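*Asks:* Starting off with a structure, shown below.
Read the figures in this text as sums done on the coordinates, not as results from a lab. Because the structure is predicted, anything quoted here is derived from the model rather than measured. Cβ: placed from backbone, ideal geometry, glycine included. Neighbour counts: every protein chain shown.
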Amino acid sequence: MTNRLRNNLIAGLIVFAFWCVFVIPVMADPIVTQSTSDSKVTNTTTTTTKVKTNPPSAISPSINASNSDLCTVGVSGAVQTQIIGISTGQAYRDANCERLKIAKILYDMGMKVAAVSVMCQDYRTFDAMMKAGTPCPIQGKIGTEAEELWKDNRHEIPKQENLKTMDRGEFINTLANGIISVILLAILVI
């Protein structure tokens, strides 16, 4: 175990203990209204009222992506503290969905080679077509002519995306940092 990871775990445990001792008991209190009244023969009245309430909530925006003709994904989120609330949202394009729709429209219009060319922009389709013995079209050529052109134009072959993997130490370090961040955010909320 590295010193940094050990220090992060110790700091996390200290924050967790603080949270358990000071934060949880405060969060368990219901909304309390205290009122005291004191009357004397001289008709002097003193009233004190103390109201504890939660602040208003930050509500994340609703992103509508229910239209089946859109290739978007909606993402939104919100954070609320006792002082300030922040919310945000955004729609992201899905390039693979767009590629599928374009290929389907081209195919429906009778342009089958163009539809296959659009699909071949993805490395998975390109590899599958080559392994099946039906190379993707290139420069208007198909079949064996296309295969020869692909050999001469390897720089045009779609590249496979590199998926990053984490080793065990990096995963544990990232997890510890995430837990500590969540605990510190919970303390900030209080």
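*Asks:* Arrange 152, 94 by Cβ neighbour counts within 10 Å, fewest through most, would you?
*Replies:* 152, 94
*Asks:* Quick one: order 136, 97, 71 by neighbouring beta-carbon count within 10 Å, fewest to most.
*Replies:* In order of increasing Cβ crowding within 10 Å: 97, 71, 136.
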